[in-house]
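Here's the structure we're looking at; comments come further down.
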Amino acid sequence: MTNDDLPIGRRVARWRVRRSMTQQMLADRLRRSKSWVDKVERGVRALDRYSVIQELAHVLRVDPEVLLGQQPSTPAGTPDGVDDIRAALARYDIPQAPAQAPEELRRQIGYAWLSYQHAHYGQLVRVLPGLLDAVQGARSAEVLVPAYRITSSLLVKLGEADLAWLAADRAMAAAGDNQILAATATIAVAQALRASNRDHLALTTALTAANRILPSLPGLGDQEVCGSVGDQTARKPLDHGGVGRGWSAAEWALGGTLLVQAALAAAGCGDHHRAGELTDRAAGVAAHLRGYDDQHRTGFGPVVVEVARVVLAAQRGDADEALRRHSAVVRREAWRRLPAEYRGAYLVDVARAYLQVGDLRGAARALVDADSVAPAEVRCRPLARTVIADVARAQPAPAGVARLATLVGLTR
């Protein structure tokens, strides 16, 4: 058993021994009974109040995170450097930096994607200004589009929706007549529009792009996405080898991702029936897919559709269905393979669903789980801060959320 797996009472006992303290000595410094300390260390008495954990940590001269078995804290709040990204986007002249080889730019973009998918937002904020200068100098759509798309996605996370829209629009402009690059840019556009509460525009944009891709793919015939898909089980699954006419399963994944974005936008418009239909279409696309090269960084597949169904159920106020579906989603192996950023953001949405049914402990668990998966999702995003505040209003607040509230400055 590692230190992170130990019950908190065992950690208290270990640190007490390290500090050469008896149970009575610790009890005296805490102004509690020896029996209370003994029960805490044996796990008979739960430590469910963060204020008590802070008091214990102070006496034992360790950080509260050590007793809780948490990793070193990720800084809370919006990372410094957003103004540098804004300045890079506002730079219309071609930077005078030495031109970089396309292979080097692609390597840097790959690194940026990994930083994003692992929710290393502070690190990504520092990298993006230089990357934007480099790709602007290259003037190649193959590197401009993904660089602007990453920038837009990060800015959505950090609550900079209008600036995210600008970056996404730059991606669309750079894509030009390249249908696939335009589709990848549209994902960012739809996300930015939804973050700006422009759901009607996001729905039109995402669905139009999906209709451009999916009717061209074998198996869907001449049907538009907003029409009937038919019997999905009768169609042959796609693999990574491609499907003819120059298309591959990765393009199906692009179309499916756009359908999910359209469904979320429809729900934002209050059109939950259409959201359900679009999600069913996305499920039909996902049913065709097997393992494929995710060159467009969509992560699309059946589990993504199921995650969307959870979020959509919560948005229409059906928290019971959302939580029922959630319990099934997290048991799937494919769930654990989703990027940390994706899982962290989803768990914050699940916390909101628990709040709808008045389950504060469930909401607290989801937030703590999100923080363990992707700390920056919880500590850097304004949306998560709001959820933490709602859960922390409980008296006494659950220990994990009380700790998060302290970390993000809600109790200062």
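Measuring nothing but how far apart in sequence close Cα pairs (under 8 Å, 6+ apart) lie, relative to its length, the chain scores a relative contact order of 13 percent. Residue ranges 353-360, 184-191 sort as 184-191, 353-360 when ordered by packing (mean number of other C-beta atoms within 10 Å per residue, highest first). Once backbone amide H atoms are built at 1.01 Å from N, L289 has L238 as its partners under 5 Å, excluding neighbours fewer than 5 places away on the same chain. First compute the accessible area of the chain with a 1.4 Å probe, then give the percent of it belonging to carbon and sulfur atoms. It is 48 percent, rounded to a whole number. With Cβ to Cβ distances under 13 Å as the rule, what net charge do the other residues near R126 carry (K, R +1; D, E -1)? Once all neighbours under 13 Å are counted, the net charge is -3.
Secondary-structure-derived ellipticity at 222 nm for the chain, considering helices only, amounts to -20500 deg cm²/dmol, per-run term -39500 (n - 2.57) for DSSP H runs with n ≥ 4.
Note that the chain presents 46 Å² accessible area per residue, ligands and nucleic acids not counted, probe 1.4 Å. Highest mobility in the GNM of the chain, judged by mean-square fluctuation with C-alpha springs under 10 Å and restricted to A27, A308, A266, is found for A27.
Rounded to the nearest angstrom and listed largest first, the equivalent-ellipsoid semi-axes of the stretch 278-367 from its Cα gyration tensor are 25, 14, 10.
Summing +1 for each Lys or Arg and -1 for each Asp or Glu, what net charge is found among the other residues whose Cβ lies under 12 Å from the Cβ of A283? Here the count lands on -1. The alpha-carbon positions of the chain define a convex hull whose volume is 163 Å³ per residue.
Across all Cα pairs in the stretch 108-225, the calculated P(r) in 10 Å bins from zero up to the longest distance comes to 15, 42, 31, 11, 1 percent per bin. Charge tally for H200 (other residues, Cβ to Cβ under 12 Å; Lys, Arg +1; Asp, Glu -1): +1.
Name the most mobile residue of V37, V368, V304, meaning the one with the largest mean-square fluctuation, in a Gaussian network model of the chain with Cα contacts below 10 Å. For the chain, modelled as a Gaussian network with Cα springs under 10 Å, the answer is V37.
The values are calculated or read from the model by the stated rules, or taken from the named source; none is laboratory data. Keep in mind the model is a prediction, meaning the values are calculated, not measured. Cβ: placed from backbone, ideal geometry, glycine included. Neighbour counts: every protein chain shown. Please note that ligands, DNA and RNA were not included when accessible areas were found on the heavy atoms of the full protein model with its side chains. Shrake-Rupley method; radii C 1.70, N 1.55, O 1.52, S 1.80 Å.
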